[in-house]
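Chemist: Can you keep this structure in mind? I'll have questions shortly.
The values are calculated or read from the model by the stated rules, or taken from the named source; none is laboratory data. Remember, predicted model here, so these are calculated numbers, not experimental data. Note: ideal-geometry Cβ built from the backbone for every residue, glycine included; neighbour counts use all protein chains shown.
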Amino acid sequence: MTRVDPTPLDLTPLDRRRLVIVAGHRGDLATVRQHVGDDDAAVREAVLGALSRLSALAESELLDAFTDE
């Protein structure tokens, strides 16, 4: 696993989304999990994809996504 650098506080939602996607491809579950409750819906969507890619998506997380606004 290659760890992605910690998230600086000044990243835009697009930057955070990209960070999550890269982390998912690199196998960095910790970085993906850091963004589970992100304020931006696109980032949360990327988190779901990354968790799925890593075979780490829990049923409860998927069910929660159905009620995400």
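Chemist: Among all residue pairs at least 6 apart or on different chains, which show Cβ distances below 9 Å where the first residue, located in segment 26-55, is within 18 Å of Leu11 (Cβ to Cβ) and of a type in the set (Lys, Arg) and the second is modelled with pLDDT under 95 and not in a loop (DSSP other than H, G, I, E, B)?
Modeler: From segment 26-55, the pairs are Arg44/Ala65.
Chemist: While we're looking at this one, here's another question. Name the residues in segment 41-69 that are modelled with pLDDT under 95 and assigned to a loop (DSSP other than H, G, I, E, B), would you?
Modeler: Result: Ala58, Thr67, Asp68, Glu69.
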